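Structure first, commentary second.
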Amino acid sequence: MPPALLTTSLVNTIQIGSLYALMALGITLTFSVMKLPNFAHAEYVTAGAYAALIVSLSGVLNPLVIMAAAFIVGALSALISQLAVFKRLEGKEVSLYTLILSSFAVGLIIRYILFLMADYFNLFDLRIGIPLTIVFRDGSLILSNLFAWVVPTSIVLVVLLTLLLNATPLGREMRALANNVNLARVIGIPVERVKNYTWLLVGGLAGVAGALWGLQTAVHPLMGWGAIISVFAAAILGGLSSFSGTILGAYVVAFSENTVMLFLNANFGVDLAYKPAIPFIIIIAVLLIRPQGFTNLIRRAGDLQR
Amino acid sequence: MLCLIVCLTVMLGAAASAQDDMETYVLGVALPFTGSFGTFGQDFERGIDLAVAQMNAELEAAGSSIRFETASADTEQTPEGAARALQSIVQTTGAQVVVGPLTTSEVLGAKQFADENGVVIVAMASSGAAASIPGDNIFRVIYPPDTFSSKAFATIALERGHQNMVVLYVDDPFGNGMNEHFTKNYQARGGGEVASFGYAPQSTELSAEAAAVSAALAGFGDGAGFFCVCFPGAAEAFVQVAQIDPILTSVQWLGNEAMTSDEMLEDPGHAQTLANADFVTVSQSADVTPLTPLFNADFVAMFDKEPGIFTNYAFDAANIAMLTMLAAGNDGAAVKSMLPFISNHYIGTAVQAFLDENGDQNVARYGIRQVREDGSGFDVIGTYDGNSDSITYK
């Protein structure tokens with residue numbers, strides 16, 4: 001594998017891994033606190049990307065404003081999902097399978113609302129209008145302004161999340177829900193309010209991830225769904241209960257899709273078209289060999305259930 | 001009073017009898033209404049609806065008892081979805097002729113059911129060489145197969161002095177066929193090595209692919225060229241990551257027409273990347289016939305919006321299907337037998353249809369378009385006549 005290709009693939013790993021981490025953290029949070037593997041998460045990502053796109057099309061190119069818009073739309077999408085569907089189903093004490101199916105349904109509804117909007121306003125395959133520029137170059141090491149935005153944003157948001165979880169009353173309440181919702185209710189934690197805040201946080205993170213993903217690729221109603229398997233692979237690698245594990249999982253998935261895939265292509269002729277199979281292989285391998293993922297390997301600060 | 005009742009009875013009976021005499025032919029429409037090609041599918045359906053509305057109006061004016069109606073199903077842009085769509089249309093309506101699907105992989109997905117059940121498929125935009133099969137029930141009446149355009153791309157690559165080529169192609173029947181035929185033609189005409197990289201059709205993020213293409217171009221050194229065979233969406237995603245790659249931005253590019261979308265040039269970075277790459281594409285000639293402006297005006301009048309790219313192909317395909325059904329009846333076998341004759345005598349909004357032994361469009365006139373230096377649009381720099389395998393530059 002040529003050194004230049006290795007360097008580029010590692011840069012891609014960090015950049016895409018950071019994006020996967022932002023998306024996967026919400027899945028881990030939803031699963032830990034709400035006990036729901038939420039497949040509608042992909043659509044919160046897409047909704048955030050469209051919010052970012054629309055803001056950029058209106059002429060506003062400030063990345064912070066764009067990400068704020070994406071956060072708000074993603075958060076509202078998630079909260080509406082909770083209030084309109086998931087909360088009502090929880091009240092009926094339906095099974096986990098019903099909740100998973102309903103998350104697919106919610107996702108489909110949001111997706112096709114976005115399709116209708118995109119069709120009406122012709123918003124397919126557009127890019128969020130922040131120009132891509134090179135901010136650092138040394139030989140084959142090239143870093144873009146997207147890298148400069150994605151990686152620090154991911155790090156800052158992860159640090160803020162960890163602080164929220166460990167140093168605020170809301171974080172403690174979230175962890176209480178993650179451990180035992182009934183006990184949390186008995187000791188007086190306002191469960192529904194905490195859940196609503198959690199959904200806002202989950203959707204907001206997904207929305208920001210969507211805005212950044214929309215800078216990496218083209219905005220389309222299926223863009224979130226296109227990434228969701230890789231994101232779930234990252235969350236499953238992280239054991240679905242640990243922030244630090246999820247982040248590590250995201251980078252492992254991105255490393256596999258980029259550096260490992262290019263290594264296999266360069267040395268063994270494995271076609272790059274097999275790249276989408278990698279997250280499936282990771283998911284199956286984790287479930288067969290180590291269902292708890294990275295949990296217990298990396299513990300403490302980022303763990304929700306402790 | 002009795003007279004009045006008798007008169008009313010006779011009149012109602014006559015009306016009912018006239019109604020009974022009416023015959024309705026169902027024209028199936030199998031297109032991707034969802035997925036990344038959903039916009040194409042929806043717009044194509046509008047083109048077909050326009051053709052059906054116009055045909056019914058003419059039939060009514062002529063006093064004919066035949067009317068057409070459509071039955072649509074979503075192919076979901078997958079081969080399996082196309083097979084399900086065809087099955088659903090045929091089993092619920094008895095349709096013998098289906099217009100669509102869109103891509104070659106969908107057409108091939110629907111092929112087995114069509115062949116086994118005597119249903120005729122009239123596809124408007126599929127061009128993958130893999131679907132060029134003699135004797136089957138698939139007719140691709142407007143867009144010629146890629147065996148022609150691959151020769152044009154190979155010739156242009158050689159004329160530009162590319163000693164070696166790197167190809168990025170969508171890993172489906174369309175992309176595989178284009179890659180295979182391009183490589184064969186390029187090397188047969190004196191070209192050197194071709195390094196090819198496939199990407200999965202569902203991929204939306206292509207940074208690994210861009211890195212691989214860049215490394216292959218670097219390995220070839222000076223004189224190498226790049227050929228991108230991508231679907232919309234992936235094309236934008238590829239250019240997005242390629243625009244900061246020093247190798248990819250220093251070589252000349254060729255690419256299919258998905259690279260020439262309006263969305264591509266709306267992004268200044270993408271437009272500049274294509275301009276720096278002297279990007280050239282080959283696509284079916286946008287020649288107009290006297291019917292083209294009429295189609296555009298009628299479409300706007302009916303739907304209050306401009307027709308999308310290739311929507312007139314769907315309009316033409318529907319007309320060929322309906323004219324054949326009027327001549328041969330609502331019977332798949334008869335339509336299969338008659339359709340080449342009708343096609344070969346049809347001039348629509350795009351080009352003369354004339355089918356080869358595979359039931360594919362055999363009139364292959366392409367426009368060669370190059371992006372302007374400022375990336376503001378594309379200029380036609382020449383034409384390629386697939387039938388004589390010759391390029392004429394302006």
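Between A:L183, A:L25, A:L248, the GNM of chain A built on Cα springs shorter than 10 angstrom shows A:L183 fluctuating the most.
Counted by Cβ distance under 11 Å from B:S132, the other residues give a net charge of -4, where Lys and Arg count +1 and Asp and Glu count -1.
Once a ≥ b ≥ c are taken as the square roots of the eigenvalues of the Cα gyration tensor of the protein assembly as shown, is the result rounded (a/c under 1.5), prolate (a/b larger than b/c) or oblate (a/b not larger than b/c)?
Values: a/c = 2.25, a/b = 1.32, b/c = 1.71.
Taking the square roots of the gyration eigenvalues as a ≥ b ≥ c, the protein assembly as shown is oblate.
Model label points for A:R172 and A:L57, set 7 angstrom from Cα along the Cα-to-Cβ axis, are 4.7 nm apart. Can you pull the Kirkwood radius for segment B:14-98, inverse mean 1/r over Cα pairs, to one decimal in Å? It works out to 13.9 Å. The modelled label-to-label distance between B:S88 and A:L89, using points 7 Å beyond Cα along the C-beta direction, is 2.3 nm. Note on A:79-85: average number of Cβ atoms from other chains within 10 Å of each residue's Cβ is 0. Think of each Lys and Arg Cβ as +1 and each Asp and Glu Cβ as -1; about the Cα centre, that makes the dipole of segment B:258-342 roughly 440 debye.
Which of the three applies to segment A:118-163, rounded, prolate or oblate, going by the alpha-carbon gyration tensor with a ≥ b ≥ c and a/c under 1.5 meaning rounded?
Working: a/c = 4.13, a/b = 1.25, b/c = 3.30.
Here segment A:118-163 falls in the oblate category.
Note on chain B: helix-only mean residue ellipticity at 222 nm, from DSSP H runs of 4+ residues weighted -39500 (n - 2.57) and normalised by residue number, equals -15000 deg cm²/dmol. Cα-based radius of gyration for segment B:185-313, normalised by 2.2 N^0.38 Å, reads 1.26. Largest mean-square fluctuation among B:I89, B:I156, B:I309, in a Gaussian network model of chain B whose springs join Cα atoms under 10 Å apart, belongs to B:I309. Taking all protein chains as shown and a probe of 1.4 angstrom, A:T133 keeps an accessible surface of around 60 Å².
Over the Cα atoms of segment B:303-394, Rg to Rh with Kirkwood Rh, two decimal places? Working shown, then result.
On the way: Rg = 17.1 Å, Rh = 15.6 Å.
My calculation puts Rg/Rh at 1.10.
Nearest 0.05, what FRET efficiency do A:F268 and A:T7 give at R0 = 30 Å with Cβ-Cβ as r?
Details: r = 21 Å, r/R0 = 0.69.
Calculated transfer efficiency: 0.90.
Remark: mean inter-chain Cβ contacts per residue of A:12-24 equal 1, using a 10 Å Cβ-Cβ cutoff to other protein chain atoms. Decide, for segment A:84-170, between rounded, prolate and oblate: order the square roots of the alpha carbon gyration tensor eigenvalues as a ≥ b ≥ c, take rounded if a/c falls under 1.5, and otherwise choose prolate if a/b is larger than b/c, else oblate. Since a/c reaches 1.5 but b/c is at least a/b, the shape of segment A:84-170 is classed as oblate. For segment B:165-192 versus segment B:242-291, the spacing of their alpha-carbon centroids is 18 Å.
If you take every residue apart from A:T217 with its C-beta less than 10 Å away from the C-beta of A:T217, what net charge results, scoring Lys and Arg +1 and Asp and Glu -1? Computed value for this residue: -2.
Going by accessible area, probe 1.4 Å, with all protein chains left in place, what is the ranking of B:D356, B:D287, largest first? Display every interim value, and only then the final one.
Details: B:D356 35, B:D287 60 Å².
Final ranking, largest accessible area leading: B:D287, B:D356.
Roughly speaking, what is the stretch gain from B:E159 to B:E373, that is 0.36 nm per residue apart minus the C-alpha to C-alpha distance, in nm to one decimal? Kindly include the intermediate steps, with their values, before the conclusion.
On the way: separation 214, 0.36 × 214 = 77.04 nm, distance 1.96 nm.
Fully extending the segment from B:E159 to B:E373 adds 75.1 nm.
Counting only DSSP beta bridges whose two residues both lie in the protein assembly as shown, roughly 40 percent are antiparallel.
The magnitude of the dipole of chain B, with charges of +1 and -1 set on the Cβ of Lys/Arg and Asp/Glu and taken from the Cα centre, is near 620 debye.
Dividing the convex hull volume of the alpha carbon atoms of chain A by its residue count gives 135 Å³ per residue.
Ligands, DNA and RNA aside, A:F104 has an accessible area near 80 Å² when probed at 1.4 Å. Seen from B:G118, the other residues with C-beta closer than 9 Å to its C-beta sum to a net charge of -2, counting Lys and Arg as +1 and Asp and Glu as -1. Size descriptors for chain B (Cα atoms only): Rg and Dmax, in that order, 23.4, 98 Å.
Give the lysines reachable from B:K111 as a straight Cα distance under 26 Å; neighbours fewer than 8 places away on the same chain don't count. Qualifying lysines at Cα under 26 Å: B:K336. So what's the back-of-envelope 222 nm ellipticity for chain A, counting only DSSP H runs of four-plus at -39500 (n - 2.57) apiece and dividing by all residues, rounded to 500? Dividing the helical sum by the residues of chain A leaves -22500 deg cm²/dmol. Inter-chain Cβ neighbour count for A:257-266, averaged per residue, equals 3 (cutoff 10 Å, partner chain atoms only).
The values are calculated or read from the model by the stated rules, or taken from the named source; none is laboratory data. Just so we're clear, the structure is a prediction, and the values are computed from it rather than from any experiment. Every residue, glycine as well, gets a Cβ built from its backbone with ideal geometry; the counts of neighbours run over all protein chains shown. The protein model used for the area step is the full one, side chains on, heavy atoms only, and it has no ligands, DNA or RNA in it. Shrake-Rupley method; radii C 1.70, N 1.55, O 1.52, S 1.80 Å.
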